[in-house]
Amino acid sequence: EAGVAQSPRYKIIEKRQSVAFWCNPISGHATLYWYQQILGQGPKLLIQFQNNGVVDDSQLPKDRFSAERLKGVDSTLKIQPAKLEDSAVYLCASSLQELAGEQFFGPGTRLTVL
Amino acid sequence: GNSVTQMEGPVTLSEEAFLTINCTYTATGYPSLFWYVQYPGEGLQLLLKATKADDKGSNKGFEATYRKETTSFHLEKGSVQVSDSAVYFCALRDRGSTLGRLYFGRGTQLTVWP
């Protein structure tokens, strides 16, 4: 079974530029999560989708971050414009069930904002 | 609120040494508790979990017991191997919530020398 795929693996941009990350969850997984992991900290949830609907975006900085999952499968996370403090690893995870299901994580995208 | 506190790293051990990584939590409800492991260049993987008080999670020689009275979930292994070198994250999920959000600790880097 293929795992959660993410791309790109690394991205370097300058502040005020835009960037987008892509995630393809495990086939059949209805729930998809985006986490932000700042160096030296644990991952923090940004947004959670159930199929193509948002169920939790309370921690998403909506003035600059956006995410979509149009067909209930893969998802994109966008930052526009980026700030220095957005430098982090962005992790995508998916699970079969919303509450009880184990979350499977992708390898992450490491973003550096200069 | 919900939060997880892990012991500071890094932890450096010789092969076959005993490992303990401390984890304590604060939760508004009755959480499920997890340990995730992140090997270099890979995504987070679930190592073990416990869903109620006094449950013991175990996997690959690692164990952790859900202690409600001390709000702790310490990770232990009797004899570590070089291949155990990784970052270990303690996490909780609020079982009273309809959402699947995980709350992570900062992570503890473990290095095992031969």
Could you please state how large a percent of the accessible area of the stretch A:6-74 is carbon and sulfur, counting protein chains only and using a 1.4 Å probe? 48
Using the charge dipole of the stretch A:2-92 (Lys, Arg: +1 at Cβ; Asp, Glu: -1 at Cβ; taken about the Cα centre), state which of A:Ser75, A:Phe21, A:Gln59 has its Cα farthest towards the positive end. A:Phe21
Evaluate the distance, in nm, between pseudo-label points positioned 7 Å from the Cα of B:Gln81 and of A:Gln59 along their respective Cα→Cβ axes. 3.3
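So, with +1 on the Cβ of K and R and -1 on the Cβ of D and E, and no other charges, what is the size of the charge dipole of the stretch B:51-108 about its Cα centre, to the nearest 20 debye?
The dipole magnitude comes to about 200 debye.
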Taking Cα atoms only, Rg over Rh for the protein assembly as shown with Rh from the Kirkwood formula is 0.97
Cut-off 10 Å between beta-carbons: net charge of the residues surrounding B:Lys49, Lys and Arg +1, Asp and Glu -1: -1
What is the magnitude of the charge dipole of the protein assembly as shown about its Cα centre, with +1 placed on the Cβ of each Lys and Arg, -1 on the Cβ of each Asp and Glu, and no other charges, expressed in debye to the nearest 20? 580
What is the sum of charges around B:Asn2, taking Lys and Arg as +1, Asp and Glu as -1, for the other residues whose C-beta is under 12 Å from the C-beta of B:Asn2? +3
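If you take every residue apart from B:Leu19 with its C-beta less than 14 Å away from the C-beta of B:Leu19, what net charge results, scoring Lys and Arg +1 and Asp and Glu -1?
Local net charge: -3.
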Shape box of chain A [Cα atoms, principal axes, largest first, Å]: 38, 26, 25
Could you compute how much accessible area chains A and B hide from each other, both sides summed, with a 1.4 Å probe? Nearest 100 Å² is fine. 1700
Cβ-placed point charges (K, R +1; D, E -1), dipole of the stretch A:61-114 about Cα centre in debye, nearest 20: 200
Based on the Kirkwood radius over alpha-carbon pairs, what value in µm²/s does the Stokes-Einstein equation return for the translational diffusion coefficient of chain B at 25 °C and 0.890 mPa s? 174
Calculate how many DSSP beta bridges within chain A are antiparallel, expressed in % of all such bridges and rounded to the nearest 5. 90
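The values are calculated or read from the model by the stated rules, or taken from the named source; none is laboratory data. Remember, it's a predicted structure, so these values are computed and weren't measured experimentally. Note that we place each Cβ from the backbone using ideal geometry, even for glycine, and neighbour counts take in every protein chain shown. With ligands, DNA and RNA removed, areas are computed over all heavy atoms of the protein, side chains included. Shrake-Rupley method; radii C 1.70, N 1.55, O 1.52, S 1.80 Å.
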